[in-house]
Each structure stands twice: as structure tokens, then as C-alpha cells.
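Report on the structure given below.
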Amino acid sequence: MIHKAATLALLATTLLVPAAVVAPGTANARTTPVPASANRAGLQVVLEAIGPDAPRDPTTEIKLSGSLVNSGTEPLNGLRIQMRYSSQPFARRADMEAYRAGQTLPGSWRSQTFVQAPIAPSGKLPWEFAFTPQDLSFSAFGVYPVMVEVLDSFQQTVGNLRTTVTYMPRETRVARTRLATVLPIVDQPRRAGDSTFVDEGLPAAMAPGKRLGDLLKIAQDTSSAKGLTWIVDPALLDDARAMGEPHAVRSKDRAQQRPATPETAQWLSDFREAVADHPVVATPYGDPDVAALAHNGVDDATRTGIAAAAIVARQALGRDVITNVNWPVGGLIDYDGLDLLATGGVDTVLLDELNLPPATPPVTTPDASATLESVNGPLTALVADAALSETVGADTSAPGAALANRQRFIAETAMISSEPGAPARTVIAVPHRRWDPDPEYVTDLIETAADLPWLAPVTLDAIKRGKGVPVPRAGLTYTEQARKPELSKQYLTGVKRVGARADLTSAITIAQDLDVFDLALLRLTSSAWRGRTGAAAPYVQQVAEAIDGRIAMVNITGSEQSRLRTLAGSNGDVPISVRNGLSGDESKIAVRLRVTSDQPDLLKIEPYDDKLEIFGGQNQTIRIPMTSTESGQSTVTVQLTTEDGRKYGKPIELTVRTTGYTGVALVIVGAALVVMLAAVVLRVLRRRGGRRPAAAPPPRREREPAGTES
């Protein structure tokens, strides 16, 4: 008893004396006791330092320090500060969570108190406690509760700080917990069509101190860290590349040309270098809302997005990325969405633990790996740990928040590894999708994880199905609350209408890796538009205008005045020309030309080859054979179609005039030939008559000699 009392007296001196300091400038301040209720509103207990992270020896000194901050307008006086602790570690993670939430835990608590000096308005007073594991009777590997509590002069609690100390004796042997830290870098669409940006906000978002700039800094500062996996939307990389080249920006309903933006090109180059040694998982291009697509019958977009992600990310990063792993929005998906992913080539999904809970409440932390059945067979489900994910993605803007969350991360991982009877497991930490991180905090957390003796950092692709001890799961749980934020049916119906017209342009385009408007349509289905489809409306409109413009570039030539064709006779050919006004690598098209007579009894369209293949900037003419049963005018409708018969563009009408001259001409020509033939025959006969021999002249009488008488 005497030895114990002496120990406590020594501990009291160690804990209390360093903290009994007077805040500068408060010695002569007017101080009056303040009611507890007021103090609660104006007092903050801020943790500023605690360490070491994982003491191994019973005599290692542990320091806990911070400040009392008076954020009110009146001085605070008569405060007492005490440190309370328990010599028993938490038995379960649930017990630790209850303690953090403010619940009082059973156990033997010890405390030491001292009187604080007054704190002026907007002032602060530092405090510090120093102790060893041996002083507080910490003996086993575990997480111990430590609370700093502030009391007023009425012995009412006016502020407290709940934290933990993790102790791991050097002789402790535990199976290291494998920890996969996954960091997302997902933005929002910045372009409508592929060639025009909606605004010029991307360079600002990538600047140092801004969200994308901070994500780049994390990537750079952790480029050599172990156990780190990045999830990236290739659309962001694509936007950075496109803006890093000459591009167009929409301004007042016009596209204005802009020079290359070097900031985005540099950001992409730096990111490519920073993640060179880390696995990169690509979301489907544009990060589409897969669950909403499944529920609204937009089935092809997911498969297209996965294929596009592989192509675009390879071009941007110069290497292949992982596309068979998918992280649905919020880590939530149902079986309809799972089937879409499976048919698109996904064999692993990263889920929130609320989406795939254990069948019964587990005694210890379950392994992250599980198995799900899909239309394509079994898939691996990797279930993220909620508490660890919260600590990685925590908001650290409040005073002391970074240190408090760091301490929680240490405690959570230690609790997992110290759970009795539990085998080695894999756990996953992934912050929310569009987090806004503090680079210093996240980098420190990743470095801390690498140094903790109970953790083994691993990458996401190193987690193999069936390697952990399976825990029975309840199956996918997708509630109405999870479904409510999805992209709405009304919005996606409009997107589907735009997509149907875009599909026409794809149907006639030859030799393309991706359809012309695939990337633009994927941007319209992005999860970034959840809860803000009004902001997506200009994107939808611009894509629709771009599609209509492309459709109009392929057309049947001729003005209104030239839509008159003359058929000289009862049959003949009518020429019809088609113009391909497209340019670029994907400009060659294949279309069909359908010509129908509005009066088939008067004007018949004879069989013809209706296929055309036209290079960009060229025309091609088809001669359409027609037969008329009488003279006059008839109308024909000319329509371009896709290979499968869908109408492409608007039909036009041609007027065909038939003269009937062919039969009359034959009569005239026949009569003329008869006349000519008769003339020729007569002339021949005459010529023959002229060539007959002349009649012999009568014999000449000889003259008698003169004087001769008969």
C-alpha cells in the first residue's frame, strides 16, 4: 500500500506539474466562474501531440499534449483538467467505438487533477501528460482508453478529449494484418463532345492546394510507398491530355479556340511518373452510375465504358491498367448492376461493408475477401473496412482533427491484429469517391501504416480469392436509401434519346476502335451528376447538337430547284449523289440509299445496288433505273439508311418527269426509214435503167452513082 501510494504521488507530480502554466497575458484578467453550459459552448480541448505510436517497452515514456482553447467572449476560470485511463484494453472494436461515441465503459478508472489558470477570450492554455505503460499498468498488447477531461468549479464536465494509447510488448507475436490502401482520383466531366470543353476550370482544380493538385502531391509524396493502389477515372486523364493540346472552349453558345494549356499537360505527366510503380485500377470511362444504368435499361454503356477505359488509360499513362476490378458508386451495387459489370469483364468488385454484411454479427473483424454469384459465374467481392476508410478520408480541417484521426487509425488496426483467436486477415481502406484530402495527413498515415509492427501493406491486386478465412455473408443489400440518389429515370431517358441518334453515326462509320460519340455519352452517365442533373443539362444539349451536326454532314446533294429529274421515255436511269462532308481519321462511311416511288403504278423503281462507301470530302453517285407507264410527273422519296435499315437523316423528295418521247420517236424514225428506203430503191432502179445498151441504128443506104437509072 505504501509503495502504491508513493507511485501514485510520483505519477501525480509527473502528470500535473508540467501542465500547470498560466497563459500569457491572463494574470491580471478579470475572471469570474462561468456556468457549465456556457463553458461547453466556448471551450475546446485540442490534441496536438501523442507518441510514440507503438511503444514496445514498459518503461518507454509516452507524452500526451495539447491546449485548452477559449473560443468564447468571456474569460474562463476555475477549470480543472484531469487524465482518466483504464488499465484494461478494449476487448472488441465495438467497445472502442462506443467509447469514442461517448459511452462510459465499465472498468477501473484512475485520475489525477489540478487547478488550471484562467483562459482569456480567444486564448489557449497548453497542457501535457507524461507517463509510461508501466505507470498505468498496461501489460498486454492492445488499445487502452485515455481521456482528458475538463471540469468547472461546480465539478461539471465542460469538455473532454477521448483518445487511445496502443501498447505492444516486444515479446508479443501476432500475425500481421494485410492492409490495402486504395486512393481514388475521380473528378467530373469537363467536356460535352470530345473536342469542346464546357469551361476552363480544370487548370484551376489542378493547381497546388486545390483538390486535384493535392491528389497529385499525395501521389508524388508516396511514389515509393508500399501497399498503395490508385483508382482513376480515365476521363480525367483524357481531359488533362486534351486541354494540354490546342482545344476549344464553349463561350456564349460558340466554341472558341484556345492554345494548349501547359498546366494540365504537366499535371498528367507528373501523375504518370508518380504512379509508375503502383497498380492503377481504372473506373469505366467517365465513372458511369452503373446501378442507375442497370435500373433504367442502359445496358451497353457499362461494357463500353470498361473497354474505353482500357484504351484511354493506356494512352494517357503509357501502360496497361486494371479494368477487371470495379468500385461502384459508394461501394454499393445490386445483382442487376453486378451482372452488367460481369458481362463487361469485371471479376472483382470493391464494396462497402453495408452492401455485403456478414450473415451474423462477427466476433472478430472478417477478412475482406468474399464470393458473389453473377450471371457470368462467381466474382470476388473485396469489402472495405468502414472505420479505416473513414480515417483515411477524414476531414482534418478542424484543430487537432488530423492527429485524432491518425490515432484512431493506429488503434483500429491494432485492435484487428490483437483480436483473440483471429487468423491473419486482409483489410481494405478506401476513402469516399470525391474526397478532398490533406496531403500531409494522408502521406503521414501511409508512412505510419508501413512502420506499425502489426501491419503488412499490400496492393489490391495482391489479394487473392479464397486466401483469407471466409466469413458467411448475407448477400448484396441494396436499400431504397441507396437507390434514391441514383441518376433519375427522367434524366436517363433523355440521355437514351441522344444515344439512339448517336448510334446512327456509329452504324455508318467504318474502321473505329470506339464509336464516335461513345465517350461523350459516357460522360453524360457519370456518377458526378448524381443530385445535380441540372448542371448536366448543358452537356446533354451540346452532345445532341454535335450529333445532329454530324448526321447533317452526310446528305443527298442538290438544292430545292435541282430536285427535278427528267426521264426521257418510259424507262431510264436517274442519277442521285450522296455527299460525305466528314473529315478526319473516322470519316469513311458506308450507307444505303433507299428510293421509293410514291405512285408505283405510274413509276416503278427497278432493282439496283444500294450500297455506298464514301471517303471524307467526296461524293458518290448511284444511277437508279426507273420505268414509267405514261407521261407526266411522279414523286420519289430518297432516304439514306444504315446497314440494318434505320433511317439516317431526313428524307428528300424528287420529282421525276416522264416525256413519253421514245414511242413517237420510233414511229417517226420508222417512217423516215421507209421513205428513205423507197428513195434509195428508186434511185437504184434509175441507175440501172441508165446503164441499158442503145438500139442498133437502121442500116445506111448507099447512094447510087449519078446518071444511073433504075
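Here the condition is being in contact (Cβ under 8 Å) with a residue 40 or more places away in the chain, open to solvent by 30 Å² or more (accessible area, probe 1.4 Å) and in contact with a helix residue (DSSP H, G or I) (Cβ under 6 Å, 6 or more places away or on another chain); of Ala219, Ala207, Ala192, it holds for Ala207 alone. Against the conditions (1) touching a Gly at 6+ places or on another chain (Cβ under 7 Å); (2) over 17 Å from Ser488 (Cα atoms); (3) not hydrophobic (A, V, I, L, M, F, W, C), Pro288 satisfies every one except (2).
Residues are listed down the side, and each one gets a yes or a no for (1) open to solvent by less than 30 Å² (accessible area, probe 1.4 Å); (2) assigned to a helix (DSSP H, G or I); (3) not aromatic (Phe, Trp, Tyr):
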{"position": "Ala404", "(1), (2), (3)": "no, yes, yes"}
{"position": "Gln407", "(1), (2), (3)": "yes, yes, yes"}
{"position": "Ile416", "(1), (2), (3)": "yes, yes, yes"}
{"position": "Ala424", "(1), (2), (3)": "no, no, yes"}
{"position": "Ile428", "(1), (2), (3)": "yes, no, yes"}
{"position": "Pro431", "(1), (2), (3)": "yes, no, yes"}
{"position": "Arg434", "(1), (2), (3)": "no, no, yes"}
{"position": "Thr443", "(1), (2), (3)": "yes, yes, yes"}
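Scanning the stretch 159-180 for residues being of a type outside the set (Ser, Thr, Tyr), out of contact with any helix residue (DSSP H, G or I) (no Cβ under 6 Å at 6 or more places or on another chain) and not in a strand (DSSP E or B) gives a total of 7. Pairing each residue of the stretch 503-518 that is modelled with pLDDT under 80 with any residue that is open to solvent by 30 Å² or more (accessible area, probe 1.4 Å) and not in a loop (DSSP other than H, G, I, E, B), provided the two are 6+ apart or on different chains, yields C-beta distances under 7 Å for Asp513/Ile311; Leu514/Ile311.
Go through the residues of the stretch 61-75 one by one and say whether even a single one is at pLDDT below 90 and open to solvent by 80 Å² or more (accessible area, probe 1.4 Å). Looking for residues that are at pLDDT below 90 and open to solvent by 80 Å² or more (accessible area, probe 1.4 Å), one finds at least one in the stretch 61-75, hence yes. Considered as a group, the residues in the stretch 396-417 that are of a type in the set (A, V, I, L, M, F, W, C) and in contact with a Leu (Cβ under 8 Å, 6 or more places away or on another chain) include one that is farthest from Ser67 (Cα to Cα), and that residue is Ala414.
Scanning the stretch 212-249 for residues that are touching a Pro at 6+ places or on another chain (Cβ under 8 Å) and farther than 21 Å from Val312 by Cβ yields Asp214, Lys217, Ile218, Asp221, Ala225, Lys226, Gly227, Leu228. Among the residues of the stretch 365-393, those that are part of a loop (DSSP other than H, G, I, E, B) and touching a Pro at 6+ places or on another chain (Cβ under 8 Å) comprise Pro366, Asp367, Gly393. Applying a threshold of 6 Å to beta carbon distances and a minimum spacing of six or more residues, or different chains, the list of pairs starting in the stretch 318-330 at a residue that is more than 17 Å from Glu390 (Cα to Cα) and ending at one that is basic (Lys, Arg) and open to solvent by 30 Å² or more (accessible area, probe 1.4 Å) reads Asp320/Arg314.
The residue that is modelled with the highest pLDDT, among those in the stretch 582-603 that are acidic (Asp, Glu) and surrounded by fewer than 16 Cβ atoms within 10 Å (Cβ to Cβ), is Asp598. Residues in the stretch 604-651 that are open to solvent by 20 Å² or more (accessible area, probe 1.4 Å) and aliphatic (A, V, I, L, M): Ile605 only. Only one of the numbered conditions (1) free of Cβ contacts under 8 Å to residues at least 60 places away in the same chain; (2) surrounded by 22 or more Cβ atoms within 10 Å (Cβ to Cβ); (3) in a loop (DSSP other than H, G, I, E, B); (4) not β-branched (Val, Ile, Thr) is violated by Leu340, and that is (3).
Every residue, every condition in (1) under 29 Å from Ile652 (Cα atoms); (2) crowded, with 20+ Cβ neighbours inside 10 Å, yes or no:
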residue	(1), (2)
Gly494	yes, no
Ser506	yes, no
Ala528	no, yes
Gly534	no, no
Ile551	yes, no
Val554	yes, yes
Gly569	yes, no
Asn580	yes, yes
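Looking only at the stretch 118-158, residues that are closer than 30 Å to Val174 by Cβ and in contact with a helix residue (DSSP H, G or I) (Cβ under 7 Å, 6 or more places away or on another chain) come to 8 in all. In the stretch 278-297, the qualifying residues are those that are outside any helix (DSSP H, G or I) and out of contact with any Ser or Thr (no Cβ under 7 Å at 6 or more places or on another chain), and the one that is most open to solvent (accessible area, probe 1.4 Å) is Gly297.
For the stretch 127-158, taking the residues that are touching a Pro at 6+ places or on another chain (Cβ under 6 Å) and in a strand (DSSP E or B), the one that is most open to solvent (accessible area, probe 1.4 Å) is identified as Glu128.
Scanning the stretch 349-364 for residues that are surrounded by fewer than 22 Cβ atoms within 10 Å (Cβ to Cβ) and assigned to a strand (DSSP E or B) turns up just one, Pro358. Per the listing Gly569, Gly649, Gly558, Gly549, the residue uniquely outside any strand (DSSP E or B), within 35 Å of the chain's Cα centre (by Cα) and not hydroxyl-bearing (Ser, Thr, Tyr) is Gly549. Filtering the stretch 165-175 for residues that are open to solvent by 20 Å² or more (accessible area, probe 1.4 Å), in contact with an Asp or Glu (Cβ under 8 Å, 6 or more places away or on another chain) and more than 30 Å from Leu522 (Cα to Cα) leaves a non-empty set.
The values are calculated or read from the model by the stated rules, or taken from the named source; none is laboratory data. In this text, all values refer to a predicted model and were calculated from it rather than measured experimentally. All Cβ positions, even for glycine, are placed from backbone atoms using ideal geometry, and neighbour counts span all protein chains on display. Note: areas computed on protein heavy atoms with side chains; ligands, DNA, RNA excluded. Shrake-Rupley method; radii C 1.70, N 1.55, O 1.52, S 1.80 Å.
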